[in-house]
Amino acid sequence: MEALVAAFAPIWVLTAVGWLAARTGLLGADAESVLGRFVFHVAMPAALFTVVARTDLAGFANTSMLAFAAGTLVASLLGLLAGRRLFRRTPAERTVAVMAAGYVNSGNLGIPVAAQVLGDASFVAPVLLFQVLLVTPVMLALLDSATGSAARPAERLRRLALLPLRNPVILGAGLGAVFSAAGRRLPGPLAHSVELLGGAAVPAALVTLGLSLHTPPGAAARRPDRAELAVTVLLKTAVQPLAALAVGALLDLPGPQLLAVVLLSALPTAQNVYVYARLYGAAPALARSSVLVSTVLSMLTLSAVAWALGGR
């Protein structure tokens, strides 16, 4: 529990800093919008490039990733079904609901949790690659298609083909994959500059999340439907890890691998989901609340997984 508290503390502190900054007006009225664009267009692409470029792509292909992918798929499909049938969301909002239900916080929380509970942070690398190189491009392509103004099929195909060039997150991850596959590295000063920019992604995203929690006096509170939030958080914190556990057991994964897969599947919704929702104007209240509530509840679920499956 002490290790989990240490991993969660920066999330709570930086989110609180953002909320205090909004409440006091320290950063101005447009702080949330400006900082959110900085994260999406500058800091996050640099962070993803740095992580992917340093990761061996061969680690992406292993049996345990089948169990993790299965858990992600189950939670995402159920989130899509709920958004469409129960809550009548638009296509863009359903995409955000899918991410809120199945996109784990593998970066700033997954790495310290893996290091503290599993004793090895390298377990997170395949999950990062899976989300960055597969899940994120698909979800952003769906968001771009759902919110774009192009009506003709040919124009939509052109927008989709040019998405990696127009979307800095996909571009950063894709360039990182190219550098990793080629075994190349950026020159020292440039690499250090990119690393510094990437280092701002997580704290800036958390401060942005905190900024979004403050409702100015006289403004309407931006709250999601409670039933929808409950379904989304249930899918994220319970259904996804249970599905990964079932598939991992069927694959007869060794104990340490099974623990790693289920533990990482039980991670809360990533704050990146809120950044994307805010940028595309699709269900930002649901994304924001899912990040916060799943983060709080995952303290219990992560502890339960570590205890039940024999954490270190």
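Can you tell me which of Ala238, Ala243, Ala270 is touching a residue at least 60 places away in the same chain (Cβ under 8 Å) and buried (at least 24 other Cβ atoms within 10 Å of the Cβ)?
Ala270
Which residues, taken from the stretch 173-187, are open to solvent by less than 50 Å² (accessible area, probe 1.4 Å) and either over 26 Å from Leu140 (Cβ atoms) or outside any helix (DSSP H, G or I) (or both)? Walk me through it before giving the result.
Initially, the stretch 173-187 is screened for residues open to solvent by less than 50 Å² (accessible area, probe 1.4 Å), giving 173-174, 176-177, 180, 186.
Listed by number, the list holds a single entry, Leu186.
What number goes with the only condition from (1) open to solvent by 30 Å² or more (accessible area, probe 1.4 Å); (2) touching a residue at least 24 places away in the same chain (Cβ under 8 Å) that Ala308 does not pass?
(2)
With the structure loaded, tell me whether Gln257 is more than 24 Å from Leu143 (Cα to Cα), touching a residue at least 12 places away in the same chain (Cβ under 8 Å), out of contact with any strand residue (DSSP E or B) (no Cβ under 7 Å at 6 or more places or on another chain) and polar (S, T, N, Q) or whether it fails that test.
yes
Please determine whether any residue of the stretch 173-189 is within 16 Å of the chain's Cα centre (by Cα) and in contact (Cβ under 8 Å) with a residue 12 or more places away in the chain. Spell out how you get there, then give the answer.
First, the residues of the stretch 173-189 that are within 16 Å of the chain's Cα centre (by Cα): 173.
Okay, now just the ones that are also in contact (Cβ under 8 Å) with a residue 12 or more places away in the chain, so 173.
So far as the stretch 173-189 goes, yes, one or more of its residues are within 16 Å of the chain's Cα centre (by Cα) and in contact (Cβ under 8 Å) with a residue 12 or more places away in the chain.
With (1) modelled with pLDDT of 90 or more; (2) hydroxyl-bearing (Ser, Thr, Tyr); (3) more than 21 Å from Ala7 (Cβ to Cβ) as the list, and Tyr103 as the residue in question, which single condition is left unmet?
(3)
Confirm whether Ala230 is in contact (Cβ under 8 Å) with a residue 12 or more places away in the chain and assigned to a helix (DSSP H, G or I).
So Ala230 does not fit the description; no.
Any residue in the stretch 204-218 that is modelled with pLDDT of 95 or more, touching a helix residue (DSSP H, G or I) at 6+ places or on another chain (Cβ under 9 Å), open to solvent by less than 20 Å² (accessible area, probe 1.4 Å) and closer than 26 Å to Phe123 by Cβ?
Checked the stretch 204-218: no residue is modelled with pLDDT of 95 or more, touching a helix residue (DSSP H, G or I) at 6+ places or on another chain (Cβ under 9 Å), open to solvent by less than 20 Å² (accessible area, probe 1.4 Å) and closer than 26 Å to Phe123 by Cβ.
Taking the stated definitions as given, is Val74 among the hydrophobic types (A, V, I, L, M, F, W, C) and under 25 Å from Gln257 (Cα atoms)?
So Val74 passes the test.
Quick one: in the stretch 255-312, which of the residues that are outside any helix (DSSP H, G or I) and of a type in the set (Gly, Ala, Ser) is modelled with the highest pLDDT? Break it down into steps so the answer makes sense when it comes.
Step one: of the stretch 255-312, the residues outside any helix (DSSP H, G or I) are 266-270, 281-283, 309-312.
Filter once more, keeping what is of a type in the set (Gly, Ala, Ser): 266, 270, 281-283, 310-311.
On the way: Ala266: 95, Ala270: 91, Gly281: 88, Ala282: 91, Ala283: 91, Gly310: 68, Gly311: 48.
Per the criteria, the residue is Ala266.
If I go through the stretch 123-152 residue by residue, how many of them are open to solvent by 40 Å² or more (accessible area, probe 1.4 Å) and either within 18 Å of the chain's Cα centre (by Cα) or modelled with pLDDT of 80 or more (or both)? Steps first, answer last, please.
Filtering the stretch 123-152 for residues open to solvent by 40 Å² or more (accessible area, probe 1.4 Å) gives 123, 133-134, 138, 142, 145-147, 149, 151-152.
Narrowing further to those that are either within 18 Å of the chain's Cα centre (by Cα) or modelled with pLDDT of 80 or more (or both): 123, 133-134, 138, 142, 145-147.
Looking only at that region, the number is 8.
Given the criteria of a type in the set (Val, Ile, Thr) and over 18 Å from the mean Cα position of the chain (by Cα), does Val262 qualify?
It is false that Val262 is of a type in the set (Val, Ile, Thr) and over 18 Å from the mean Cα position of the chain (by Cα).
The values are calculated or read from the model by the stated rules, or taken from the named source; none is laboratory data. Remember, it's a predicted structure, so these values are computed and weren't measured experimentally. Note that each Cβ is placed from the backbone with ideal geometry, even for glycine, and that neighbours are counted across all protein chains shown. Protein only, heavy atoms only, side chains kept; ligands, DNA and RNA dropped before computing areas. Shrake-Rupley method; radii C 1.70, N 1.55, O 1.52, S 1.80 Å.
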